[in-house]
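I have placed the structure first, in the form of C-alpha cells, so that the comments after it can refer back to it.
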C-alpha cells in the first residue's frame, strides 16, 4: 500500500477522532497522474451534497490533481474539480449525522493504492484552538529531547 499523498496539516489543525476509507471516482488520465504522485491535498476537504433524489453523497473538494503530462489534449480540465467518494449507504448516513454535530468536520488524511485501486483515507476531526496547537508543539519537542537523551545514554554505556 504505497502512500501517494499526505495532508500534513490535518493532524496539526484537527484532532482526528475516527478514520474511514473510501474509493475515488477519477478520470483515466487523473489515475495516471495520481499514481505518479502529482496530487496535493493541501486545503482539501470532504463535503456532503444532496442528489436529485435527496440522497446524500460525499465529495472531495479542492484536491489538486495535475494534468497527466502524456495525456492527449484534454479540453477544459479543472484540476480542483469535486470528486465523488465511494462509500456504503449506511456509512454515508453515519458520516452525515456526525458532520452535523457541533464542531466536527471531514478531513482528508492521505491517498494511497490498495491493490490496483486508489483509496482516500479521511477522518472525522475536531478543530484545534491555537493554544492546543502550541501544547502539541511543546509535547513533540520534549518527546524529541527525551529520545535524543536516551540515545546518548545508550551510546555512552556501550
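Looking only at residues in the range 30-48 that are more than 11 Å from the chain's Cα centre (by Cα) and assigned to a strand (DSSP E or B), the one that is farthest from residue 101 (Cα to Cα) is 39. Set side by side, the residues 119, 110, 139 differ, and just one is loosely packed, with under 12 Cβ neighbours inside 10 Å and within 22 Å of residue 8 (Cβ to Cβ), which is 139.
Among the conditions (1) in the same structural domain as residue 13 (by TED's automatic domain parsing); (2) within 24 Å of the chain's Cα centre (by Cα), residue 70 misses just one, which is (2). Within the range 57-69, identify whether any single residue is part of a strand (DSSP E or B), at pLDDT 90 or above, touching a helix residue (DSSP H, G or I) at 6+ places or on another chain (Cβ under 9 Å) and under 19 Å from residue 97 (Cβ atoms), and answer yes or no. Yes, the range 57-69 contains at least one residue that is part of a strand (DSSP E or B), at pLDDT 90 or above, touching a helix residue (DSSP H, G or I) at 6+ places or on another chain (Cβ under 9 Å) and under 19 Å from residue 97 (Cβ atoms). Just to be sure, is residue 143 more than 30 Å from residue 33 (Cα to Cα), touching a strand residue (DSSP E or B) at 6+ places or on another chain (Cβ under 8 Å) and part of a helix (DSSP H, G or I)? In short, no. Can you confirm whether residue 84 is part of a strand (DSSP E or B), within 27 Å of residue 137 (Cβ to Cβ), modelled with pLDDT of 90 or more and within 19 Å of the chain's Cα centre (by Cα)? Answer is no for this residue.
A quick yes/no check of all residues on (1) surrounded by 15 or more Cβ atoms within 10 Å (Cβ to Cβ); (2) assigned by TED's automatic domain parsing to the domain that holds residue 115; (3) in contact (Cβ under 8 Å) with a residue 60 or more places away in the chain; (4) touching a strand residue (DSSP E or B) at 6+ places or on another chain (Cβ under 9 Å):
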{"position": "24", "(1), (2), (3), (4)": "yes, yes, yes, yes"}
{"position": "35", "(1), (2), (3), (4)": "yes, yes, yes, yes"}
{"position": "49", "(1), (2), (3), (4)": "no, yes, no, yes"}
{"position": "59", "(1), (2), (3), (4)": "yes, yes, no, yes"}
{"position": "75", "(1), (2), (3), (4)": "no, yes, no, no"}
{"position": "96", "(1), (2), (3), (4)": "yes, yes, no, yes"}
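The values are calculated or read from the model by the stated rules, or taken from the named source; none is laboratory data. Owing to the predicted nature of the structure, the values given are computational and were not obtained by experimental measurement. With ideal geometry, Cβ positions are generated from the backbone for all residues, glycine too; neighbour counts draw on all protein chains shown.
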